[in-house]
Amino acid sequence: LVSGHIDALAEIISIKTSGDSHIVWLQSPAAFAKFIAAKGSIALDGVSLTVNAVDDCLFSLNIIPHTWSVTGWAQSVVGQKMNMEIDMVARYVARLSDFIEE
């Protein structure tokens, strides 16, 4: 669940072809890593996607051929910064957990 605003910038670390799809690894700023979960949602440059895997501040996406061809993903390069919006549900869960811990 995303609303169309930017939380931070994520950087593309690698892009690899896997069959017809592309596996893309990105690095998020450390302050936002806690909001990114495998099988959760994230928006990058306005495209809402499902996170494939997470490793600390790194996360991967499996971009299917249709998404690759009809969005700006086909022009993506390693080192590129992308506008990142975290999932709104993750934001609220983190906020509520702050109150539970107090």
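Being part of a loop (DSSP other than H, G, I, E, B), open to solvent by 20 Å² or more (accessible area, probe 1.4 Å), touching a residue at least 24 places away in the same chain (Cβ under 8 Å) and among the aliphatic types (A, V, I, L, M) is the requirement here; does A37 meet it?
Yes: the conditions hold for A37.
Please go through the stretch 4-29 and give me each residue that is in a strand (DSSP E or B) and of a type in the set (V, I, T), ordered by number.
Answer for the stretch 4-29, where residues must be in a strand (DSSP E or B) and of a type in the set (V, I, T): I12, I13, I15, T17, I23, V24.
When the stretch 22-34 is examined, which residues are found to be open to solvent by less than 30 Å² (accessible area, probe 1.4 Å) and within 15 Å of A90 (Cβ to Cβ)?
The answer is S28, A33.
Among the residues of the stretch 2-9, is there at least one that is of a type in the set (S, T, N, Q) and open to solvent by 80 Å² or more (accessible area, probe 1.4 Å)?
No, that holds for no residue.
Working carefully through the options G19, G46, find the one that is touching a residue at least 12 places away in the same chain (Cβ under 8 Å) and open to solvent by 60 Å² or more (accessible area, probe 1.4 Å).
None of the other options fit; the residue is G46.
Would you point out the residue of the stretch 55-102, among those that are part of a loop (DSSP other than H, G, I, E, B) and hydrophobic (A, V, I, L, M, F, W, C), that is least open to solvent (accessible area, probe 1.4 Å)?
C57
The values are calculated or read from the model by the stated rules, or taken from the named source; none is laboratory data. Every value quoted in this text rests on a predicted model; they were computed, and no experiment measured them. Virtual Cβ from ideal backbone geometry, glycine too; neighbours counted across all protein chains shown. For the accessible areas, the whole protein counts, side chains as well, though only heavy atoms, and no ligand, DNA or RNA atoms are used. Shrake-Rupley method; radii C 1.70, N 1.55, O 1.52, S 1.80 Å.
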